[in-house]
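Here's the structure, in structure tokens; my notes come after.
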Amino acid sequence: MEKIGFVGVGRMGANMARRLKDQGFTIAVVYDVRLEAAKAAALELGCEAASELRHVTQLSDTIITVVTDDKAMKSIYTGGLLRGSRGKLFINCATVSPAVHVWVEQKAQKAGAQTLEACMASSITQAREGTLYLMCGGAEAAFQRARPILEKLSSSMRYIGPAGKAAQVKALVNMVMNINTAGLAEGLGLGAALGLDLALLREVFSQTGANSRVLQTDGEDMQNREHSCFFSAAHAAKDSGIALRLAREQGLNLPLAAATKKQFDTMAAEGLGELDKSGVAELTFKGRHLHKNEP
């Protein structure tokens, strides 16, 4: 069985590595910009902790990258990851701009390697359980090569099309999810201000046009101020920004997406960016973070 390396072993990457190890795959090496995180993951997984990106490629047949943003993605691919990469497969799981995925594919092709974007529309629990929803983009040959690995990480996956196309779909998924999250926070916030029973309100929402997947995942957390991070507000702001850049390229005005990004940007500015996106409720409920002085 081929050897797998991971670049980025934060909340998502580490759980994906655990899942693949449980499924019998060989995790050969891990790398993270936080060396202590890499060492901890390596100790748990029984593998190497690389101090240089080129060592990940040397020790692996397939490299899975789970990094934070466009800058981090470009950094790893110009920082040695493609050295000695002929014949290797890179599966990129981060939510980054579609153009960056196209750029990565072009760089990898010149080095004789294959790349695939495997955009994830799920969170930490699903990564550990192997029930991610994956949207894949790139050459179909790369998708077929990656399939045996991706099948163990997902309960469902779709091949979308050429490089960048899956990232476009993922940007729209997160844009709409973020709008729904901010809208739910406002609805529950107003309900609380009116003195309504929020458990009852959430039940009514669930049976009407106000229902959404976000209501299931975030509604109770908003009510209880439980914002343990599964998908951070900082990442929500970043992902909404990707969608807004795509809209500008098409000459489209998306006022709801822009307003939502502003809310998550405000969270970051207030030091709340590492809360879960459900923490946007802290901006809308009376008596919470930005309403401390209100009666």
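The values are calculated or read from the model by the stated rules, or taken from the named source; none is laboratory data. Everything numeric in this text was worked out from a predicted model, so none of it was measured. Here the Cβ positions follow ideal geometry from the backbone for every residue, glycine too, while neighbour counts run over all protein chains shown.
Going through (1) in contact with a strand residue (DSSP E or B) (Cβ under 7 Å, 6 or more places away or on another chain); (2) surrounded by fewer than 17 Cβ atoms within 10 Å (Cβ to Cβ) one by one, Glu44 falls short only on (1). Consider Gly24 carefully, then state whether it is surrounded by fewer than 22 Cβ atoms within 10 Å (Cβ to Cβ) and either assigned to a helix (DSSP H, G or I) or of a type in the set (Gly, Ala, Ser) (or both). Yes. Taken together, Ala14, Ala38 contain a single residue that is under 29 Å from Ala237 (Cα atoms), touching an Asp or Glu at 6+ places or on another chain (Cβ under 6 Å) and not in a strand (DSSP E or B), which is Ala38.
Residues in region 55-77 that are among the hydroxyl-bearing types (Ser, Thr, Tyr) and either free of Cβ contacts under 8 Å to residues at least 24 places away in the same chain or not in a helix (DSSP H, G or I) (or both): Ser60, Thr62, Thr65, Thr68, Ser75. Of the residues making up region 261-270, not a single one is touching a strand residue (DSSP E or B) at 6+ places or on another chain (Cβ under 8 Å) and buried (at least 21 other Cβ atoms within 10 Å of the Cβ).
If a residue counts only when it is more than 22 Å from Asp70 (Cα to Cα), acidic (Asp, Glu) and not assigned by TED's automatic domain parsing to the domain that holds Arg11, which helices (runs of 4 or more DSSP H) contained entirely in region 195-259 have at least 1 such residues? Helices (runs of 4 or more DSSP H) meeting the threshold: 198-206, 213-224. Filtered by the rule that a residue be surrounded by fewer than 21 Cβ atoms within 10 Å (Cβ to Cβ) and out of contact with any helix residue (DSSP H, G or I) (no Cβ under 7 Å at 6 or more places or on another chain), region 130-148 gives Thr131, Tyr133, Ala139, Glu140, Ala141, Gln144, Arg145, Arg147, Pro148. Scanning region 1-39 for residues that are aromatic (Phe, Trp, Tyr) and under 19 Å from the mean Cα position of the chain (by Cα) gives Phe6, Tyr31.
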